[in-house]
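Everything below concerns the one structure shown next.
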Amino acid sequence: MEAPERIYLQTGLEEWDDDPELTWDDLEEVTWCVDRINDNDVEYVRRDVAVGLREMLGSAFLGLTSDEAPLRSCVKELLAETAWLADPPDGAEGEYE
């Protein structure tokens, strides 16, 4: 059986509570579904799917030229924000500069 590529968590809250004291541990009966049920459902993407997308983004970054500086800057920022997902593609260490 293959797990769905994405799921949605239902928190049981009517809307997001901005209370800084509220944590995930405070929530009761969090459920999930492959379909979005409520506007405030939390979407989760399977890790291997996210890693694959990040690798594609890294390959695209390496193909961008200096003439595409604004796009390079955006892609570099996305790569930095998703660094926790995976190491750079083989042979690309230091090339995301």
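Values in this text are rule-based calculations from the coordinates and carry no lab data. Quantities reported herein were computed from a predicted structural model and do not represent experimental measurements. Don't worry about glycine lacking a Cβ; one is built from the backbone with ideal geometry, like all the others, and counts go over all protein chains shown.
Values as computed for the structure displayed
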item: Long-range neighbours under 7 Å by Cβ, at least six apart or interchain, first residue at negative phi within the stretch 47-58, second part of a helix (DSSP H, G or I); result: L57/V75; L57/L78; L57/L79; G58/L79
item: Candidate set from the stretch 32-64 (those that are in contact with a Phe, Trp or Tyr (Cβ under 6 Å, 6 or more places away or on another chain) and acidic (D, E)); member that is farthest from Q10 (Cα to Cα); result: E43
item: Single condition L9 does not satisfy, out of (1) in contact with a Ser or Thr (Cβ under 9 Å, 6 or more places away or on another chain); (2) not in a strand (DSSP E or B); result: (2)
item: Residue count, the stretch 23-63 (criterion: within 14 Å of E5 (Cβ to Cβ), among the β-branched types (V, I, T) and not in a strand (DSSP E or B)); result: 3
